[in-house]
Amino acid sequence: MLIDTHIHLDDSRYDNDFDNLLNRAKANNVIKFIIPGADPKTLDKAVALAEKYDEIYFAVGIHPYDMDAFDELDFTRYITHPKCIAVGECGLDYYRLEGSDEEKKSEKLRQKKIFRAQIAIAKTYKKPLIVHIRDASSDSKELLLEEDASKVGGVLHCYNADEQLLSLSKQGFYFGIGGVITFKNARKLINVLPKIPLENLLIETDGPYLTPHPHRGERNEPAYTILVADKISEILGIEREDIEALTTRNATKLFKI
Ligand SMILES: [Zn+2]
Ligand SMILES: [Zn+2]
């Protein structure tokens, strides 16, 4: 059995076939789903889904691309909900930084400030973090350590699984592996994967984005969690059933679901 630990089920691209989508996921061993908070505009939809379906959980947070909404979001209203199991996705993303060096610098500072604020919220409410890291590994690591984020731990969901992040496994952090592992150009991630302790491994799709091979270019969906599990099984030489069992155990432990 599998848990899709990062799936944007509140995305409108899932509206038309939602129940079929869940049925396809279940037919492919996916039993639970976590909707990370990203854009507050769809957060109420995530809450409604978590209330309607036992197997759906959500997190509250502001993605670095949606920082403008940070001040308006009433975290306490969501974080005390019984199905709210984490804070995030929050973090640092330097991939799309634009403008002059000065502008980039101030944008980085702003991202860090909002990331720190969300770590503080997670610590106050004792919820794990869902951390988004893209092209910002060293700053993210430094900040997590500075802010004592190990008190709550969490998952690092990252595009460029950087070796330097591996030591965070000793600080209560897990590594969310998604469809990127199936890409032909995923050599870096494939090389890092065996170095991640098995007890720190999680599986996610990040749908509707980052669709695994052989469906690249199509909408990603939770049923494809099994394709990620298959690929991890192949790389590590461990039976898929064992990958399913251990990643589900890890997710259950981290998110208390
Ligand atoms: Zn993300
Ligand atoms: Zn995401």
**OP:** Assign one of three labels to region 189-257, namely rounded, prolate or oblate, based on the Cα gyration tensor with a ≥ b ≥ c the square roots of its eigenvalues; rounded applies when a/c is under 1.5, prolate when it is not and a/b is larger than b/c, and oblate otherwise.
**Re:** oblate
Subject >> FRET efficiency for residue 187 and residue 28, using Cβ-Cβ distance with R0 set to 25 Å, rounded to 0.05 >> reply: 0.40
**OP:** Just report the Cα centroid separation between region 136-180 and region 94-131, whole Å.
**Re:** 14 Å
Original post:
What is the order of 101, 148, 135, fewest Cβ neighbours within 10 Å to most?
Top reply: 101, 148, 135
**OP:** Quick one: go through region 183-204 and flag any residue whose amide nitrogen is under 18 Å from the point 7 Å out along the Cα-to-Cβ line of residue 234.
**Re:** 183-194, 203-204
Original post:
How do the peptides 222-233, 105-116 rank, highest first, by the average count of neighbouring beta carbon atoms within 10 Å per residue?
Top reply: 222-233, 105-116
**OP:** Order the peptides 181-187, 199-205 from the highest to the lowest mean number of other Cβ atoms within 10 Å of their residues.
**Re:** 199-205, 181-187
**OP:** Indicate the gyration tensor shape class of the chain (rounded, prolate or oblate), computed on the Cα atoms with a ≥ b ≥ c the square roots of the eigenvalues: a/c under 1.5 is rounded; otherwise a/b larger than b/c is prolate and the rest oblate.
**Re:** rounded
Original post:
Given 0.36 nm per residue, what is the gain on full extension from residue 219 to residue 80 after removing their alpha carbon distance, in nm?
Top reply: 46.8 nm
Original post:
Once the piece of chain linking residue 151 and residue 15 is laid out straight, how much longer is it, given 0.36 nm per residue of separation minus the C-alpha distance between them?
Top reply: 45.3 nm
**OP:** Within 10 Å of each residue's Cβ, count the other Cβ atoms and sort 140, 150 from fewest upward.
**Re:** 150, 140
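Read-outs throughout are calculated quantities, based only on the coordinates presented, and are distinct from any laboratory measurement. No experiment lies behind these values; they were computed from the predicted model shown. Ideal geometry is used to build each Cβ from the backbone, glycine not excepted, and the neighbour counts take in all protein chains shown.
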